[in-house]
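A.B. asks: Take this structure first; my questions come after.
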Amino acid sequence: MIRKLLDKIFKPRNKKTEHEKPTHHTPEARKQQSKKSRPVLGIKKTAKKTGSNRDKAEIIPFHKHQIDRSLLSSAALRTIDGLQKAGFEAYIVGGAVRDLLLNRNPKDFDVATDATPEEVNRIFRRSRIIGKRFRLVHVLFGDETIEVSTFRGHHQSEGDAHTNESGRITRDNVFGSLEEDATRRDFTANALYYDPSSQEVLDFHHGFADIQAGVLRIIGQAETRYAEDPVRMLRVVRLSAKLGLSIDPATKAPIAKMADLLEDVPPSRLFDEMLKLFLSGHAIESVAALRKQHLHHGLLPMLDVVLEQPMGERFVMLALKNTDDRILSGKSANPSFLFATLLWHEVLAAWNNYKKNNPPIPALHMAMNDVIATQAEKLAIHNRYTSAMKEIWGLQPRFEQRAGKRPFGLLINPRYRAGYDFLLLRSESGEVPAELAEWWTNFAEAEGEQRTAMLQPDTAPKKRKRRKPKKPGSSTPAAT
């Protein structure tokens, strides 16, 4: 009786035999159950392969391409690793692979994958989908941003794609296979796919051989590809100058007769491409190539005229050389300063015209507004640049004033350094006397009494002081 009572108290009420234990209580079963009940972000639920057709590519092994993995961006490697672990294909593509094969340090690393933008966005917590014409994903690691694109199919396939009457693609969100994506790229040198995990380069269009031969070749029929995106004609010029590659004859032939298609390109896109061209570190070669291909006409509407004037051309070339030297030495270049130099001689011409009927400073502002307005018709220079350009131009007459307090005020102007550098270019090109630039160089380096001694006599007519009007009722009352 006592034993039964003790058993009742101390033994579990629902104790079951070994074969009756529920399987989900074992550690292995709990793990399996957790996997079934909790979905993992970014993992494909089905093996949804689009058919990459790797077998149609030439596989370039490491011993042939010799790409140094230490030059790869850690953010790009982490992006590819995340996509591949989620079951997707992922490669470093485009200019980064091309630059690595040319023994250059890539500026940006782009990734291509068979994951859709939404799938990429789910895999990476710090990412965002951007774009309408081409939907992309920006994946962020610290200060670095990796641009991830989905393999693109042919724009004539069914899907979210549109072209205008001239054949230019205005919207393109048709996804496809790896092979289709390679065919959609512009040049053979840019259609190379590098897999860091296997250290293999996939080449569908003999881009590796073209790079070794020093040739820039468009993929497909040049006429069709330029009609799809006329900016490719500018890109041919920029890349050939930047990389030192010769343009394939079939790629070059249609450019002269198709240059007018650039008029159909949105000004903002033209501006971005021209900015890349001028800030490539090879601006002089690029301008020479633009002129050779007759592509400079209409891009910077007034650059054509400037380059035909001896003094204007010298001034522009000095500015471009200055920009190239800064970029190649690792320094930054200010787009506002560069575009201010490119358009200065047109401002000068308009200023001289307006000065016939207006005071000098108002005439200068009228000239600046005219030049910017004309430029905006073809090339949408951002407002943050145009305001700085106007400030640099507006300082130039003030450098002529070397008397009184005016030089001291100019030295503390926030745009003084840019305006001074601009003055040096004007002096070097022969536009203004060298003595003026030397005076300002010495004045900036001098101190105290030495600066005061350098000032020129103030010959400007002094303004008469205005008498303050008497307030009503403030007159002195007459004596009684």
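The values are calculated or read from the model by the stated rules, or taken from the named source; none is laboratory data. The structure presented is a predicted model; accordingly, all values stated were derived computationally and were not measured. All Cβ positions, even for glycine, are placed from backbone atoms using ideal geometry, and neighbour counts span all protein chains on display. For the accessible areas, the whole protein counts, side chains as well, though only heavy atoms, and no ligand, DNA or RNA atoms are used. Shrake-Rupley method; radii C 1.70, N 1.55, O 1.52, S 1.80 Å.
A.B. asks: Inside the stretch 357-444, counting only helices (runs of 4 or more DSSP H) that do not spill past its ends, which hold 3 or more residues that are polar (S, T, N, Q)?
C.D. replies: So the answer is 360-376, 383-395.
A.B. asks: Looking at the stretch 310-329, which of its residues are open to solvent by 70 Å² or more (accessible area, probe 1.4 Å) and either over 13 Å from Gly430 (Cα atoms) or acidic (Asp, Glu) (or both)?
C.D. replies: Lys321, Asp325, Arg326, Leu328, Ser329
A.B. asks: Residue under question is Glu165, and the condition is that it be in a loop (DSSP other than H, G, I, E, B), farther than 24 Å from Pro266 by Cα and at pLDDT below 95; does it hold?
C.D. replies: Considered against the rule, which asks whether it is in a loop (DSSP other than H, G, I, E, B), farther than 24 Å from Pro266 by Cα and at pLDDT below 95, Glu165 comes out as no.
A.B. asks: Residue pairs, Cβ under 6 Å, 6 or more apart or interchain, first in the stretch 69-94 and under 21 Å from Ala191 (Cβ atoms), second open to solvent by 40 Å² or more (accessible area, probe 1.4 Å) and part of a strand (DSSP E or B). List them.
C.D. replies: Note: pairs meeting the criteria are Val93/Asp110; Gly94/Asp110.
A.B. asks: Going by the structure shown, is Val111 under 27 Å from Arg269 (Cα atoms) and assigned to a helix (DSSP H, G or I)?
C.D. replies: No: the conditions fail for Val111.
A.B. asks: What is the residue count in the stretch 305-336 for residues that are in contact with a Gly (Cβ under 9 Å, 6 or more places away or on another chain), more than 16 Å from Ser286 (Cα to Cα) and acidic (Asp, Glu)?
C.D. replies: The total comes to 0.
A.B. asks: So, one more: I'd like to know if the stretch 109-122 contains one or more residues that are in contact (Cβ under 8 Å) with a residue 12 or more places away in the chain, exposed (fewer than 13 other Cβ atoms within 10 Å of the Cβ) and of a type outside the set (Phe, Trp, Tyr).
C.D. replies: No, the conditions are met nowhere in the stretch 109-122.
A.B. asks: Being farther than 21 Å from Glu391 by Cα and charged (D, E, K, R) narrows it down to one residue among Arg451, Arg426; which is it?
C.D. replies: The match here is Arg451.
A.B. asks: Looking only at the stretch 427-476, which residues are of a type in the set (A, V, I, L, M, F, W, C) and modelled with pLDDT under 90?
C.D. replies: Within the stretch 427-476, just Ala460 meets the criteria.
A.B. asks: Let me ask something additional. So for the stretch 388-398 (the condition being open to solvent by less than 90 Å² (accessible area, probe 1.4 Å), modelled with pLDDT of 90 or more, more than 21 Å from Met368 (Cα to Cα) and touching a Lys or Arg at 6+ places or on another chain (Cβ under 8 Å)), does at least one residue qualify?
C.D. replies: no
A.B. asks: Does Ala75 count as out of contact with any Gly (no Cβ under 8 Å at 6 or more places or on another chain) and either of a type in the set (Gly, Ala, Ser) or modelled with pLDDT under 95 (or both)?
C.D. replies: In short, no.
A.B. asks: While we're looking at this one, here's another question. Are there any pairs with C-beta distances below 6 angstrom linking a residue in the stretch 335-347 that is of a type in the set (Asp, Glu) to a residue that is surrounded by 23 or more Cβ atoms within 10 Å (Cβ to Cβ) and at pLDDT 90 or above, with the two at least 6 apart or on different chains, and if so which?
C.D. replies: Glu346/Val371
A.B. asks: Determine whether Arg225 is among the charged types (D, E, K, R) and touching a residue at least 24 places away in the same chain (Cβ under 8 Å).
C.D. replies: yes
A.B. asks: Pull up the stretch 181-218, narrow it to residues that are part of a strand (DSSP E or B) and under 19 Å from Phe62 (Cα atoms), then point me to the one that is farthest from the chain's Cα centre (by Cα).
C.D. replies: Glu200
A.B. asks: Something else: Only residues that are of a type in the set (A, V, I, L, M) and surrounded by 10 or more Cβ atoms within 10 Å (Cβ to Cβ): list them for the stretch 448-458, please.
C.D. replies: The answer is Met454, Leu455.
A.B. asks: Let me ask another. Out of curiosity, is Ala189 open to solvent by less than 20 Å² (accessible area, probe 1.4 Å) and within 28 Å of Phe88 (Cβ to Cβ)?
C.D. replies: So Ala189 passes the test.
A.B. asks: Read through the list (1) under 25 Å from Ala222 (Cα atoms); (2) at pLDDT 95 or above, then give the number of the only condition that Glu158 fails.
C.D. replies: Exception for Glu158: condition (2).
A.B. asks: The conditions are (1) without any contact (Cβ under 8 Å) to a residue 12 or more places away in the chain; (2) open to solvent by less than 50 Å² (accessible area, probe 1.4 Å); (3) not small (Gly, Ala, Ser), and Glu445 fails exactly one of them. Which is it?
C.D. replies: Evaluating Glu445 over (1) without any contact (Cβ under 8 Å) to a residue 12 or more places away in the chain; (2) open to solvent by less than 50 Å² (accessible area, probe 1.4 Å); (3) not small (Gly, Ala, Ser) leaves (2) as the failure.
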